[in-house]
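Structure first, commentary second.
The values are calculated or read from the model by the stated rules, or taken from the named source; none is laboratory data. All values derive from a computational prediction rather than experimental measurement. Please note: Cβ atoms are built from the backbone with ideal geometry, for glycine as well, and neighbour counts cover all protein chains shown.
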Amino acid sequence: MKCSVVILNWNGADMLRRFLPSVVAHTPSDWAEVVVADNGSTDDSLSVLTDEFPTVRIIRLDRNYGFAEGYNRALQQVSSDYSVLLNSDVAVTAGWLKPMLTYMDAHPEVAACQPKILSWHSLQKGDSPVMFEHAGAAGGKMDALGYPFCRGRILGYVEADKGQYDTIESVFWASGAALCIRTEVYKQTGGLDADFFAHMEEIDLCWRLQCRGYRLVCVPQSVVYHVGGGALAYTSPRKTYLNFRNNLLMLYKNLPALRLFWVLLCRLVLDYVAAMQFLLTGQAAHAGSVVKARWDFLKMAGTPVMHDRRKQNLRAAVVDYPQTIESRSILFDYYFRRLRK
């Protein structure tokens, strides 16, 4: 097969029934396969797949390994040229795969790409134009202090899709909601960091890819619709914890020493400002998540395993600091310059 569309599932029988039909219908069976890697589900996911989707290939994992390790184990059983890591809460559109694969075939320096990701909820409400979706929009960016944002989404502000990002453009990260990547490059680079469990792991992978000389792009001619917050709601304190902890781990693993010192110094202040803001707005659980994330980051960064990963990343890099990292502070732009787009 030229491409394997791999969906990681855990207790998501309802999601499979709702969104898998579009994936099966719009994935050409003569050169692509649809694969569901089941992360040890305890609901009726496996029977749903067997009875209702007989053409879908099933990879059975013995327990829930989380997003990162689940995909690492699944892709060990994939041999296609390309793999698409597709969330189970994504509806695809006709012809969604071809623009991405055509572009990557023509550009061997591109290791991964993403489609334009629009909001499924906005589509259901009949919004015109439809809103971008938070987790990826039209391609991911990152500012100088490690805060991710997107073409179409800055912090909590999400734009409507008016065709303003319909050009193919290099990005810093491609969304894990619909990540198209060269399978062999994924394996050679080490895949997703299992210690992240979930959240930010695709940004960490994209950073490593760029340090090895690859490019990443968004191909907006491919369009999908994402529910978002399917595994963890955007308002979940657990999501806040993982986002803050994993973001710090990503910085530790990939930044050169001098930049790392100054960025972590700034983040020490800004993260506690964020915790205080949560506290003052009545979100004590989120404030606690930020504090716990910082302490757990320090513990994890001090382990020999994480120290070795940092050394391996820096040793393998042909690019010390990707040019796609913005020199600006998105927090300053958002709160002081009032920029939203």
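Being more than 21 Å from VAL185 (Cβ to Cβ), at pLDDT 95 or above and assigned by TED's automatic domain parsing to the domain that holds GLN188 is true of ASP30.
Here is a check on your reading of the model: is VAL36 surrounded by 15 or more Cβ atoms within 10 Å (Cβ to Cβ) and not in a loop (DSSP other than H, G, I, E, B)? So VAL36 fits the description; yes. Return yes or no: is GLY140 under 27 Å from PHE67 (Cα atoms), surrounded by 17 or more Cβ atoms within 10 Å (Cβ to Cβ) and not basic (Lys, Arg)? Criteria met by GLY140. Would you confirm whether or not segment 61-74 contains a residue that is over 18 Å from HIS226 (Cβ atoms) and free of Cβ contacts under 8 Å to residues at least 24 places away in the same chain? Yes, segment 61-74 contains a residue that is over 18 Å from HIS226 (Cβ atoms) and free of Cβ contacts under 8 Å to residues at least 24 places away in the same chain.
A quick yes/no check of all residues on (1) touching a Gly at 6+ places or on another chain (Cβ under 6 Å); (2) part of a strand (DSSP E or B); (3) in the same structural domain as TRP262 (by TED's automatic domain parsing); (4) at pLDDT 95 or above:
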| position | (1), (2), (3), (4) |
| --- | --- |
| TYR103 | no, no, no, yes |
| ILE117 | yes, yes, no, yes |
| HIS134 | yes, no, no, no |
| ALA144 | no, no, no, yes |
| PHE149 | no, yes, no, yes |
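Taking segment 254-333 as the region of interest, the helices (runs of 4 or more DSSP H) fully inside it that hold 2 or more residues being within 21 Å of THR240 (Cβ to Cβ) are 257-280, 284-301. For segment 147-163, enumerate the residues that are within 19 Å of GLN221 (Cβ to Cβ) and surrounded by 15 or more Cβ atoms within 10 Å (Cβ to Cβ). Listed by number, the residues that qualify are CYS150, ARG151, GLY152, GLU159, ALA160, ASP161. Across segment 169-213, the qualifying residues are those that are among the hydroxyl-bearing types (Ser, Thr, Tyr) and in a loop (DSSP other than H, G, I, E, B), and the one among them that is farthest from the chain's Cα centre (by Cα) is THR189.
Once segment 78-98 is narrowed to residues that are surrounded by 17 or more Cβ atoms within 10 Å (Cβ to Cβ) and more than 13 Å from CYS3 (Cα to Cα), the residue that is nearest to the chain's Cα centre (by Cα) is ASN87.
Yes/no matrix, rows are residues, columns are (1) out of contact with any Ser or Thr (no Cβ under 8 Å at 6 or more places or on another chain); (2) farther than 10 Å from CYS113 by Cβ; (3) crowded, with 24+ Cβ neighbours inside 10 Å:
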{"residue": "ILE168", "(1), (2), (3)": "yes, no, no"}
{"residue": "ALA174", "(1), (2), (3)": "yes, no, yes"}
{"residue": "VAL185", "(1), (2), (3)": "yes, yes, no"}
{"residue": "PHE197", "(1), (2), (3)": "yes, yes, no"}
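Filtering segment 301-319 to residues that are among the charged types (D, E, K, R) and out of contact with any Lys or Arg (no Cβ under 9 Å at 6 or more places or on another chain) leaves ASP308, LYS311, ARG315.
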